[in-house]
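Below is one structure, written out as structure tokens; the observations come after it.
FYI, it's all coordinate maths here, none of it is from the lab. Treat the numbers as computed from the prediction; the structure is a model and nothing was measured. Positions of Cβ are generated from backbone atoms using ideal geometry, with glycine treated the same way; all protein chains shown enter the neighbour counts.
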Amino acid sequence: MTASPLDRAADSFAAELARHRTGRGLSKKQLATLMGFDPSYVSHVEGRRHRPTEDFARRAEAVLEASGAIWQRFREYDELRHTRAEKAHRELPAPGQWMPPGTGLIVEREHAGLTHHEDSYHCVIRRELYNAGTEPVTRYLVRVAVDRYPNDPGRSNRHHREHPLTFAELQLRAYRTQGDERDAMHWRAKHDRDAFKEIWLLFENADRRFALYPGDRATIEYAYTVGQDKWGPWFQRAVRVPTRHLGVSLDLPASLDPQVWGAETSLSAEEGPLRTPVGRRAEGDRVIFEWSTDDPPLNARYRMQWRFRARPESGPEEPGRVRPSDRMRGLGILQRGDDLLRQPSRSFDLPNEEHVARDVLDRLTAALLRLDELHPFSKGVGIAAPQLGIGRAAALVRAPDRAAEPVVLLNPRVVDAAADIDEQYEGCLSYFDHRGLVPRPLRIDVEHARLDGGRMITSFEYGMARLVAHEIDHLEGRLYVDRMAPGVPLVPVEEYRETGNPWRY
């Protein structure tokens, strides 16, 4: 049964709440105390058993300091909850007392422009801001990320390790405009990595401070330069605060015969093409590509990519190189991008379908045996029926101790989970080229079926809880990347250093 838009909106609110709670290192009980709610109520909202209220959303936004993300998810849910007629006349008030310090910031318009010159790319970002909160805004976080070879993470990481991006070469400049006033902004580094920088733009300079006060508007503009030896053929914008309008432009040399296309992703959808075409116009010896959208959802990512047809592509992959995912594909395991991996599995009607369930379990067992010949799986391993192209609710999970029989999961569902969560790196048979840092509860209670139709509840802890939760996600149409916090990078398997080591608890 397909979830309704209202159900999906409620799920998105719960997921946003859980992401910010775990990001702050709070248990459900601790969050409930800070919000003034009973712990069971917070648990029920996060577990999708209770729908959020406006008061709950305001308090969660304030306590978790979510930069408007939780409030935006509630607005999306609340608008769907009312009829179309009501939506035409009703507008939720901006959060008042429960908006936390430094939040409530809205980007009314953003324009991001990238210009390619002979040996560099020059980027200019302009954002029109409105402080809808209750406290002055004194700083604004921006990010600069480069990826020389976006289709080859291992090669790109090696390249940036040898040729790291530096603040000196960025030549970062920032300004704030408010009315007739234009002030240079000082900045301070937050994170400095080989291919990634996080920078606080400060509403101050050597002469004075000019905070953005509640109810005021201002425009910030910042610019930087990156050499073409570090910038790959892509330009991505991520929506991290509520944004009313987003526009992107690329200014490229006509002599290189540029071809441009775009893609978008969100928390609830795989990468797909932009929903509207990229515009193109000529200006002398330049070609300008433009694209825009209104009210983009939070955490959406929009990427424009290009190819210069008048310039030969960079060198090919090493001949004879076989990716880990290719080996998994050779064993009959579906890889990320296959539609079946995104579809909820159909439950078995037991005991009437016992013979069907046994056949699926036999195929899963055979696949585990083939996997043993290919990889040690020192942390344990699981495989779900959809990964073999079977859309049924069955999975096998084997602990690191190979002497133990694999756990059989038929029609499983998580009925309870510990409040305590940790993050560890996970791999996936269907996404085997990378590893990702995933938050999971330290204990889950799972109700699942026996072949005779009976039901049982089994409690799993630590590593087994992680493995079982991973496989149940597969049966619900999720991959582990859906659980990762936005902005956390994947690690190419060639650079992952924990292969062969057990989970750490």
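Summary of computed values
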read-out	value
Positive-pole candidate from A485, L340, A419, dipole of region 324-495, charges at beta carbon	L340
Whole-number D in µm²/s for region 324-495 (Stokes-Einstein; Kirkwood sum over Cα pairs; 4 °C, 1.567 mPa s)	80
Gyration tensor verdict on region 5-89 (Cα atoms; rounded if a/c is under 1.5, prolate if a/b is larger than b/c, oblate otherwise)	prolate
Per residue Cα convex hull volume in Å³ - calculated over region 443-497	120
Total charge dipole magnitude, region 324-495, about the Cα centre, Cβ charges on Lys, Arg, Asp, Glu only, Debye to nearest 20	180
Rounded to 10°, Cα long-axis angle of helix 462-475 versus longest principal axis of the chain	80
Nearest 10 degrees, 0 to 90: helix 153-162 Cα axis against the chain principal axis	50
Between region 228-277 and region 446-472, the alpha-carbon center distance in angstrom	41
Per-selection Kirkwood Rh - the chain (Cα, Å, 1 d.p.)	25.3
Region 167-199 and region 372-407: distance between their alpha carbon centers, rounded to Å	48
Cα gyration tensor shape of region 105-308, rounded if a/c is under 1.5, else prolate or oblate by comparing a/b with b/c	prolate
Dipole magnitude of region 105-308 about its Cα centre (Cβ charges: Lys, Arg +1; Asp, Glu -1), debye to nearest 20	400
Segments 45-53, 272-280 sorted - mean Cβ within 10 Å per residue, highest first	45-53, 272-280
Cβ-defined net charge surrounding E198, 11 Å radius [Lys, Arg +1; Asp, Glu -1]	+4
Inter-centroid distance (Cα atoms) of region 16-39 relative to region 474-505, Å	24
Computed magnitude of the charge dipole of the chain (debye, nearest 20; Cβ of K, R +1, Cβ of D, E -1)	280
